[in-house]
Amino acid sequence: MEKEIMNDVKKYQKLEKLKKWRDEIEPIPWYFDGLENLCDRIHPEKQILQVTDIKQLSNDTKLFRFISAKPNKPLAPFRAGQYIGITVEINGVRTSRPFSLVSSPNQLAYYELGVKRKEGGFVSIYLLDKLKVGDILEATEPLGELYYNRIFHGKDLVFIAGGSGITPFISILRDITERNLKLNVRLFFGCLNEEDILFRDELENIQTRRPNIKIHYILSEPKPSWNGACGFITKDKILDEIKSIENKFFYIVGNRAMYTFIKEQMKELGVPRHRVSYESYGVPDDVTGIVGWPKEITASNSIKITIDFIHQGKKIREIIEALSVEPILNSLEREKDLGITINNGCRSGACALCRTKLVSGKIFMLPNVTIREIDQVYGYIHPCVSYPLTDIHIDLTQI
Ligand SMILES: Cc1cc2nc3c(=O)[nH]c(=O)nc-3n(C[C@H](O)[C@H](O)[C@H](O)COP(=O)(O)OP(=O)(O)OC[C@H]3O[C@@H](n4cnc5c(N)ncnc54)[C@H](O)[C@@H]3O)c2cc1C
Ligand code: FES
């Protein structure tokens, strides 16, 4: 074993020498700065945004428009359907939440986000009640895998949106109409009632101008005056309109409850998993109701989290109290005095940005979250969707 390690070290030293020699004789190519700039433009570590407009979209949803707060740093380009993570500081707690970009990817003068109030929520309520024109916020670069891929997705697309899950589809539809893409789209939009149908005027307008785009509203709690489809978005309602699943690609966006429901419908329709792209909004409101949650652990169950982290260059160990029913990431953010930051993007188990080493203890991870095999072997978890069932120990010094 020792011999193998020594061999590796020797190989490494040889390669280092070769690299140094090459750096000396080969000048840095002329395009290097351009590439660096391009890379930074597409993947800025963070973006600083300024609110320029706020518009009420419905009684519980607002549209926010942001420009880059740094004149020499234009907004990063994105693919229609992607999201950005918005970071806020609320009573000293620094946290963030992902929001899909609503605006068209064909212009980067501004980004737009549609934020819906979540009852009992933390960030959505803050954004809706406190954010004002002129405020400055930090955001991530555009992230996410929900976008049209012309090689794999084909030309017949089925969009299924629940409530504020319409936001990425608005951006995609804007892109399709602006570039006049020859794609056939069926959008199924599930809402509570007519007042809840966000961007209705724009959707109607798109549908009128583009015969290749058809929109079906399905209301679960309509007023008696509504004479459209009622109830949930079921497999029968979908099949009635699309006739066959053949060659169709499905995109599904909504909260976790809708995600669980539609996933079943997709299975019953016989849609293969690789023909569906899902995006579900955050963690469930009550994790104790999720399949697999241990019944003996209740909402009042409190545990201890031991955290190793680096503070001012030194490795520190702290122990905090946390609730089993709160994601580990949220519990850490609550401890504002520790000043711990864990990188994060989707906060729903998809992007792996929050990857953290679990040294010991038992956790519950939300079903349908995939963790890379190698991370499972070495004990890495996604704290945004992991709940501590026993006292746990995490090490933030090992990324
Ligand atoms: C990819 C993606 C795109 C999305 N796009 C949109 C969109 O376009 N529009 C939209 O409206 N939503 C969108 N969402 C949902 C959005 O990110 C949020 O989940 C939603 O706004 C609810 O956030 P919230 O903070 O209000 O609620 P929650 O996240 O449920 O906040 C409550 C939680 O915050 C924590 N908390 C509460 N108080 C404190 C405290 N004092 N200190 C620390 N933590 C505390 C607790 O853990 C509590 O359970 C998207 C989600 C994803 C994953
Ligand atoms: S923040 Fe994306 S997986 Fe945790």
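What follows is calculated from the coordinates using simple rules that are stated; it is not laboratory data. In this text, all values refer to a predicted model and were calculated from it rather than measured experimentally. Methodologically, a virtual Cβ is constructed for each residue, glycine included, from the backbone with ideal geometry; neighbour enumeration extends over all protein chains shown.
Between Ile28 and Asn59, what FRET efficiency comes out of the Förster formula 1/(1 + (r/R0)^6) with R0 = 45 Å and r the beta carbon distance, rounded to 0.05?
0.20
Full-extension gain between Asp286 and Glu221, please, as 0.36 nm times their residue separation minus the C-alpha to C-alpha distance.
Stretched out fully, the Asp286 to Glu221 stretch lengthens by 21.1 nm.
Please label the shape of region 156-281 as rounded, prolate or oblate, based on the square roots a ≥ b ≥ c of the eigenvalues of the alpha-carbon gyration tensor (a/c under 1.5 means rounded; beyond that, a/b larger than b/c means prolate, else oblate).
rounded
Could you go through region 204-217 in sequence order and give the Karplus-derived ³J(HN,Hα) for each residue, using 6.51 cos²θ - 1.76 cosθ + 1.60 with θ = phi - 60°, rounded to whole Hz, and x for Gly and Pro?
Per residue, the Karplus-derived 3J(HN,Hα) values read 4, 4, 4, 4, 5, 7, 10, x, 7, 10, 10, 10, 10, 8 Hz.
What length, rounded to one decimal in nm, is gained on full extension from Met365 through to Phe152, with 0.36 nm per residue of separation minus their alpha-carbon distance?
Difference between extended and current length: 73.7 nm.
Count neighbours as other Cβ atoms within 10 Å of each site's Cβ, and list the chymotrypsin sites (Phe, Trp or Tyr not before Pro) in region 176-285 that are DSSP loop with at most 11 such neighbours.
Filter output for region 176-285: empty list.
Could you work out [θ]222 nm for the chain from helices alone, using -39500 (n - 2.57) per DSSP H run of at least four and dividing by all its residues? Round to the nearest 500 deg cm²/dmol.
It lands at -7500 deg cm²/dmol.
If I model a spin label at Asp201 and Glu45 as a point 7 Å from the Cα along the Cα→Cβ vector, what separation in nanometres do I get?
4.3 nm
Hey, can you grab everything whose amide H is under 5 Å from the amide H of Asp391? Only 5+ residues off in sequence or another chain; H modelled, so Pro and N-termini drop out.
When sequence neighbours closer than 5 places are left aside, the close amide H contacts are Lys304.
Fully extended, how many nm does the chain gain between Ile320 and His393 (0.36 nm per residue separation, minus their Cα-Cα distance)?
Length difference between fully extended and current span is 25.2 nm.
Which residue, Glu373, Glu26, Glu241, has the most motion in a Gaussian network model of the chain that connects Cα atoms within less than 10 Å?
Highest fluctuation among the options: Glu26.
Kindly provide the chymotrypsin sites (Phe, Trp or Tyr not before Pro) of region 1-71 that DSSP labels as loop, not H, G, I, E or B, and whose Cβ sees at most 13 other Cβ atoms within 10 Å.
Trp30, Tyr31
When a/c is below 1.5 the answer is rounded, else prolate if a/b is larger than b/c, else oblate, so apply that to region 321-399 with a ≥ b ≥ c taken from the square roots of the Cα gyration tensor eigenvalues.
rounded
Ser171: net charge of surrounding residues, Cβ under 10 Å, Lys/Arg +1, Asp/Glu -1, itself excluded?
Cβ neighbours under 10 Å give a net charge of 0.
Give a quick list of trypsin sites (Lys or Arg not before Pro) in region 280-355 that DSSP marks as loop, anything other than H, G, I, E or B, with at most 10 other Cβ atoms within 10 Å.
Lys295
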